[in-house]
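The structure appears below as structure tokens.
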4 protein chains.
Amino acid sequence: MKYRVGILGATGLVGQRFVQMLEDHPLFEITALAASDRSEGKVYEDVCPWKLASPIPEKVRKLTVQACTPPLDCDLVFSSLPSSMAGAVEEAFAAAGYPVISNSSNHRMDDDVPLLVPEINSAHLAAIEHQKQRREWSGYIVTNPNCTTIALVLALAPLHTAFGIEAVSVVSMQALSGAGYPGVASLDAVDNLIPYIDGEEEKVENEPLKILGQFEDGRFNFADFRISAQCNRVPVTDGHTEAVAVKLRTKTDVKSVIEVLQNFRAEPQLLKLHSAPEKPVVVLSEQNRPQPRLDRNIERGMATVVGRVRKDNILDFKFVLLGHNTIRGAAGAALLNAELLVAKNFLRKR
Amino acid sequence: MKYRVGILGATGLVGQRFVQMLEDHPLFEITALAASDRSEGKVYEDVCPWKLASPIPEKVRKLTVQACTPPLDCDLVFSSLPSSMAGAVEEAFAAAGYPVISNSSNHRMDDDVPLLVPEINSAHLAAIEHQKQRREWSGYIVTNPNCTTIALVLALAPLHTAFGIEAVSVVSMQALSGAGYPGVASLDAVDNLIPYIDGEEEKVENEPLKILGQFEDGRFNFADFRISAQCNRVPVTDGHTEAVAVKLRTKTDVKSVIEVLQNFRAEPQLLKLHSAPEKPVVVLSEQNRPQPRLDRNIERGMATVVGRVRKDNILDFKFVLLGHNTIRGAAGAALLNAELLVAKNFLRKR
Amino acid sequence: MKYRVGILGATGLVGQRFVQMLEDHPLFEITALAASDRSEGKVYEDVCPWKLASPIPEKVRKLTVQACTPPLDCDLVFSSLPSSMAGAVEEAFAAAGYPVISNSSNHRMDDDVPLLVPEINSAHLAAIEHQKQRREWSGYIVTNPNCTTIALVLALAPLHTAFGIEAVSVVSMQALSGAGYPGVASLDAVDNLIPYIDGEEEKVENEPLKILGQFEDGRFNFADFRISAQCNRVPVTDGHTEAVAVKLRTKTDVKSVIEVLQNFRAEPQLLKLHSAPEKPVVVLSEQNRPQPRLDRNIERGMATVVGRVRKDNILDFKFVLLGHNTIRGAAGAALLNAELLVAKNFLRKR
Amino acid sequence: MKYRVGILGATGLVGQRFVQMLEDHPLFEITALAASDRSEGKVYEDVCPWKLASPIPEKVRKLTVQACTPPLDCDLVFSSLPSSMAGAVEEAFAAAGYPVISNSSNHRMDDDVPLLVPEINSAHLAAIEHQKQRREWSGYIVTNPNCTTIALVLALAPLHTAFGIEAVSVVSMQALSGAGYPGVASLDAVDNLIPYIDGEEEKVENEPLKILGQFEDGRFNFADFRISAQCNRVPVTDGHTEAVAVKLRTKTDVKSVIEVLQNFRAEPQLLKLHSAPEKPVVVLSEQNRPQPRLDRNIERGMATVVGRVRKDNILDFKFVLLGHNTIRGAAGAALLNAELLVAKNFLRKR
């Protein structure tokens, strides 16, 4: 018997990825779809502007979209609601006893909500008990980071462990799908780029510090280093590319940096979680890689792909990384979180 | 009577810009076109893969393309030869008495060749006399910087003067036309970007230090700061975008940085050189600008367009800049150099 | 003294082209801007998502956007309202005494409204008097065709005159700007095309028959031939390309077809109307032209550019044509109509 | 034991598809790779500009590229050589006893060479015996059509059988990968399209008539109808879209046309050939489909996807179709041909 899953925001691009990735999943099956008022009461395939290259799974195609209010017929919910809705809706579901595995930004920085990356901070799950007690909820909320953040922290985490990070500079070249659908207008994307993404730089400068920090004595102690982020939208469908430079607390060399990155393994790999990449960080040796169209599906889109590791003139090392923004950067991140919650006994069938 | 101009590399993308920008120029007229062996002896319009949206000027259309060897029937030559040819060819023309106004990279870092940006270092023209004596040439070579460098240094120069620069970090998102024609394959450019441009990062990390340095006692003293460059190719036809962060030697604030940038005026503006922008640096206030398709033609493509000036977490300030890579970044740069040479009496009719 | 112009729908892409093309126009000056409720009462530059590469003209930048209801302080109005609004609003302005020069589709096929292309059917202006009498209006409505239609009919008209058209097949590859802003989502436009444009094929199959017909005895007699249209959206910013085949009533050859096309001149050329192209149809000889990025601005975007005229296996001849969809296909078409109305004494200062 | 396969032209885009599609194939395994002189003697992964999103298969990665001359260690060869080489090389291999399964155009229209589409004309395999006798070869050549042709004929074949075709008009919007790598320059593909593909229209106007004709009494009788083709290159990576109109010899209606298309099954489906699509023609009902990015991988890229079947004003019916140009349009076509040859006993292990 699989866990029965509801999806909040099922008609959006990330909702579609949830639907796609949950087809034939060994642990989960979709039993409820919910979305905004506009879609309520209608058949999924009629209201969803499906934009993925694989067809809508048969089992889901004819489900009726419900309102984003509890109860839903499911054991847990995945949420990819827009931030204008996610705050209150996710709280309502948690209060009603549902584990809420959220990709939305609203609760990420809450001081009792895990901002979970299973390879990095599964110890933060200890915050769930505090959260339930403090908020008097029978359910709870677990979040995953912003798409740009998660691709970045997967590379930062092993470096932080091995060498200690002192500063990080990142300039992102982000895919169109990160803005949802319809999202970016085509006239802004053809023969053009946009050097601004609302709210993104703040997320990328703050989320990693919570993720790489510690949950101790009932509170989060943030990692102690500085991040500078500049975020750009480029005409690529999927795959965020990031030009990164890091300053480390320990002296090391390019060879060691590469080794630490490609040898990185963690709990999801040991536990053999279904959606876990074999290698969370894949390092390419070609000098002109990673490229989004060629490399975004490495490890089924669940890894950060790194290239061009070399010395930097200002900080210590620089490199390029690529992450699939709607897979590991969104739906896949939440799904891996849910798989970790199963493994750690945080989920129950209702 | 105008100066008679020869163009070396006339069939390439930058050569085409020379031809376009010299149409109806008050000081110069094209009298000779030269290109590689393949085109020699053929009519320009038959061998040139013309890629600009304005037609080939009538006066040039029927000229016969000549070999890249002196003599050519002209008073000076503009060179946009590929680096595999430019080194020896430019030296041959200088030895034969021609002023060579070059956009090629070969001689930029030579210790007796000006790497000229008229707004910044017209004092470097003093190197010409040294060059002629030392090399026993009756002509000489003057170069302009790499396309990414020039857009950058136009913004750095007033900051360096006002505050002193200590460090610069730049991540570029460069246009396809920077690679020439056919250049980047379309399969590498659609739904993709390439995080590598051969030799580019080295140029951007080194050229500004010569440009912003001093020519004293017969030698160049380079500016004393560090630059970190990461260069990417994105699917934009024209216009290089750069995400820049700077560390300054003097404390200041965002407002002062903006004022210094937009108040920047220099010799080309005072001399009212024909191709000089009214403002070498244009600062936009919209939070999502500059964008290449909308802003690359500001000041006819001769200015650096800056936006999003704000504080940085690691260095002091960060901002985005945009420069038209085949205008101010190439043909327009060389042309402005030639106009300065006229104003300073470095050119003669033969 | 210039005619004072109001623009209905001033914030849309076509409205922006009106604003751009009317800057420094010898006959017209903008005195009123109107748009939907959302923009009413606000300053133009604050509410208009300006998407053109030249800046908003100074005189217009600070104008306050008004409601789309008469009166407006002007002698005539240009309308580029969405079809959901244009029907009633244009009638209200005509009833209130304003000449309405419309780019909207609502009244194009009305049996007393000219569907005007000055090179083709200025005789249709006779319908204005019928329209005013029948509708008891002191003003009137004159329309221009759909963007795809107008590029097509400019090429068809001289062929129809010379040889008689029996059938036309056209497959269009239309630019993104034709859908307005935000219009087509970037995720639908990158690495993709859409083989459907709502309502477009019907317009292209019907409008040319009215345009190429006669206004006689108070009614329009449509041209008597069949058109087949298939319309596609492709990732090009501006410029509609059309693959055309025609069957003619008179036998002729490729050479004669080309001559007839490139020798086409008509009233706007004789009258030297300000916006008239010197040649309404420009024929290129290169085998791989016209191309939208290179050729859409020929004749300042006011001509149809034709290439590849050759024999067809099913109909008689086939060729490719290109028209600038927001210039000759929209704002420029209306503007040329207004210039003809001035020349023909249909406009008065109020 | 699998048939041992050699690939001629292994480093090109189609060669790469062969390598990709033959990984884990039940009947074939790659034992030899050959390419032009430039690559000869080098390791495949070092000389192949691999452009597919899946990695180079391990078994092939380290193979040494050989010259395109017999002998090669294999039972048959697939050829995707450029037409400048394919003519003589394929003949040499056939003469040396190899079955040559070719995607190249050189021998397609030869009067003793099958232009094979297994769903349509497996009876043409009878030409092989004539070919071998006449040319005194121990091997033979079998070809597949041009990429645009094959997507088209899969839709035409069932219509021709059911209703008889009298005329076909097709305007193609073809993907960049059809031009190989580097192929189309990015500056010709961004914000642009090219209304010309060298030699393509001739192929599309002629090949279908051979394919849909009969091989009788030792010769090919071509189908008796006319085709008009206009071919365009658009900025899409993979997937050729075609706007088609057909005139039929029998009266019918839209519903019947759709039924005939979607009920089409043939020998590859009955024989359950490994690469055969379940449905050779898939009909979509959405009004804005097929779209290349969303639909090109339907049936693993082996089907023609049809949409928008409707009546036409000039011919009888019109519709849009999409085919994956490097899968069913090239490598997949040849592979299916080879699978049919196995099923029909035309292949032997050497």
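The values are calculated or read from the model by the stated rules, or taken from the named source; none is laboratory data. Keep in mind that what you see is a predicted model, and the values were worked out from it rather than measured. We place every Cβ from the backbone using ideal geometry, glycine too, and count neighbours over all the protein chains shown.
For the reader, a short list of remarks on this structure follows.
- Taking the stretch D:171-201 as the range and being in contact with a helix residue (DSSP H, G or I) (Cβ under 6 Å, 6 or more places away or on another chain) and among the polar types (S, T, N, Q) as the test, the residues that pass are D:172, D:177, D:186, D:192.
Every residue, every condition in (1) hydrophobic (A, V, I, L, M, F, W, C); (2) over 25 Å from residue D:228 (Cβ atoms); (3) touching a Gly at 6+ places or on another chain (Cβ under 9 Å), yes or no:
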site	(1), (2), (3)
D:96	yes, yes, yes
D:122	no, yes, no
D:131	no, yes, no
D:146	no, no, yes
D:153	yes, no, no
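- Selection status of residue B:257, aliphatic (A, V, I, L, M), at pLDDT 95 or above, touching an Asp or Glu at 6+ places or on another chain (Cβ under 9 Å) and in a helix (DSSP H, G or I): yes
- Within the stretch B:144-169, the set of residues being outside any helix (DSSP H, G or I) and either modelled with pLDDT under 95 or more than 9 Å from every other protein chain (Cβ to nearest Cβ) (or both) comprises B:144, B:145, B:146, B:164, B:165, B:166.
- Condition check for residue D:323 on (1) touching a Ser or Thr at 6+ places or on another chain (Cβ under 7 Å); (2) within 11 Å of chain C (Cβ to nearest Cβ): one failure, at (2).
- Identity of the residue in the stretch C:58-116, among the small types (Gly, Ala, Ser) and free of Cβ contacts under 8 Å to residues at least 12 places away in the same chain, that ends up nearest to residue C:220 (Cα to Cα): C:88
- Among the candidates D:204, D:234, residue that is at the interface with chain C (Cβ under 10 Å from one of its Cβ atoms), crowded, with 18+ Cβ neighbours inside 10 Å and of a type outside the set (Phe, Trp, Tyr): D:234
- Scanning the stretch C:41-74 for residues that are assigned to a loop (DSSP other than H, G, I, E, B) and either in contact with a Pro (Cβ under 6 Å, 6 or more places away or on another chain) or within 12 Å of chain B (Cβ to nearest Cβ) (or both) returns C:49, C:50, C:51, C:52, C:53, C:54, C:55, C:56.
- If you go through the stretch B:1-16 and keep only what is buried (at least 18 other Cβ atoms within 10 Å of the Cβ) and in a loop (DSSP other than H, G, I, E, B), you end up with B:9, B:10, B:11, B:12.
- Residues of the stretch D:173-201 satisfying the condition of being among the small types (Gly, Ala, Ser), closer than 30 Å to residue B:233 by Cα and either out of contact with any Gly (no Cβ under 7 Å at 6 or more places or on another chain) or at the interface with chain B (Cβ under 7 Å from one of its Cβ atoms) (or both): D:177, D:178, D:179, D:183, D:185, D:186, D:189
- For the stretch A:123-178, filtered to residues that are surrounded by fewer than 22 Cβ atoms within 10 Å (Cβ to Cβ), assigned by TED's automatic domain parsing to the domain that holds residue A:206 and small (Gly, Ala, Ser), the residue that is nearest to residue A:203 (Cα to Cα) is A:167.
- Qualifying residue in the stretch B:270-281 (condition: within 12 Å of chain A (Cβ to nearest Cβ) and among the aliphatic types (A, V, I, L, M)): no
- The residue list C:298, C:327 contains one member that is over 16 Å from residue C:103 (Cα atoms), at pLDDT 95 or above and within 17 Å of the chain's Cα centre (by Cα), which is C:298.
- Selection status of residue B:255, crowded, with 18+ Cβ neighbours inside 10 Å, within 30 Å of residue A:246 (Cα to Cα) and away from every other protein chain (no Cβ under 12 Å): no
- Residue A:291 being within 8 Å of another protein chain (Cβ to nearest Cβ) and in contact (Cβ under 8 Å) with a residue 12 or more places away in the chain: yes
- Filtering C:224, C:217 for residues that are more than 11 Å from chain D (Cβ to nearest Cβ) and either at pLDDT 95 or above or surrounded by 24 or more Cβ atoms within 10 Å (Cβ to Cβ) (or both) leaves a single hit, C:224.
- Residues that are over 29 Å from residue A:136 (Cβ atoms) and assigned by TED's automatic domain parsing to the domain that holds residue A:141 do not occur anywhere in the stretch A:68-89.
- Test: residue in the stretch A:97-120 that is out of contact with any strand residue (DSSP E or B) (no Cβ under 7 Å at 6 or more places or on another chain), over 15 Å from residue A:210 (Cβ atoms) and either surrounded by fewer than 20 Cβ atoms within 10 Å (Cβ to Cβ) or within 14 Å of another protein chain (Cβ to nearest Cβ) (or both): yes
- The stretch C:292-347: number of residues that are more than 17 Å from residue C:279 (Cα to Cα), touching a Pro at 6+ places or on another chain (Cβ under 8 Å) and assigned to a loop (DSSP other than H, G, I, E, B): 2
- Residues in the stretch A:17-35 that are crowded, with 24+ Cβ neighbours inside 10 Å, in contact with a Phe, Trp or Tyr (Cβ under 6 Å, 6 or more places away or on another chain) and in a helix (DSSP H, G or I): 1 in all.
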